[in-house]
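Okay, structure first, notes after.
What follows is calculated from the coordinates using simple rules that are stated; it is not laboratory data. Model, not experiment: these values are computed from the prediction. In this analysis, Cβ positions are derived from the backbone assuming ideal geometry, glycine residues included, and neighbour counts consider all displayed protein chains.
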């Protein structure tokens, strides 16, 4: 497979880079950095052009980002909820992105490609928050150019080492693929176990919307706390009547101010 990747890059070059980067930005779990580094190593030998590699990667990245941006602009919070459901880290998949976006605004897109999880969630969040199209494309293009340029540039600088590694992996044959597969499977298994543990904890301490409504109808007056981020409340301004909006980062301080003799119910995205 290692030899096949090198052969494909040598034969189809830019087309393979485009497809690989587009699939990554569209959400497919396929790494693109190894492809860009091998492409950079080929560029060092004159087989490909570094500016062309970066240009093709930027075009593919923008196409994938634009799809998610339009989905966020049309469907809003539902797209983010979908991403959170399928994420292997559901407790932080959207929260961390919202925090960064709230703190830095649209310029945070420049760093999106370098932060795990941020690259996929940031474009639909930008669309949902109604970031204008041209600034979105501009920041995303800068991010893609830096990301692709660093990966391909590293491939050019370390082309001898990359060639050696590919040669050694090629000699290992199927054993190399087995080692990579076991490491990947172990990583996914650990993340899946953490995901299941997270949702199990949520189910143990969860109250349904119907149960909450009945409590409120009975006059038991539970305290409802809205811990969504400011950007999430901007995307979906609806809220449970009487809910108190608090900053999630200072949640403990806010909870300390609430009466301890009443039920406290928190909700987020």
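The distance from the alpha carbon centre of segment 243-269 to that of segment 209-225 is 15 Å, rounded to a whole number.
Mind giving me the FRET efficiency for residue 134 and residue 244? R0 is 41 Å, r the Cβ-Cβ distance, nearest 0.05 is fine. Before the final figure, lay out each step's value.
Details: r = 38 Å, r/R0 = 0.93.
After rounding, the FRET efficiency stands at 0.60.
Length gained on full extension, residue 197 to residue 256, computed as 0.36 nm times the residue gap minus the Cα-Cα distance: 18.5 nm. Overall shape: oblate for segment 209-267, with the ratio a/c of the largest to smallest alpha carbon gyration tensor axis at 1.5 or above and b/c at least equal to a/b. Site pair residue 268 and residue 115 shows an inter-label distance of 1.5 nm when each label is modelled 7 Å from Cα along Cα→Cβ.
One chain, two ends: residue 160 and residue 236. Fully extended at 0.36 nm per residue, the span grows by 22.1 nm beyond their Cα-Cα distance. When peptides 32-38, 119-125, 75-81 are sorted by average Cβ neighbour count within 10 Å, with the highest value leading, the order is 119-125, 32-38, 75-81.
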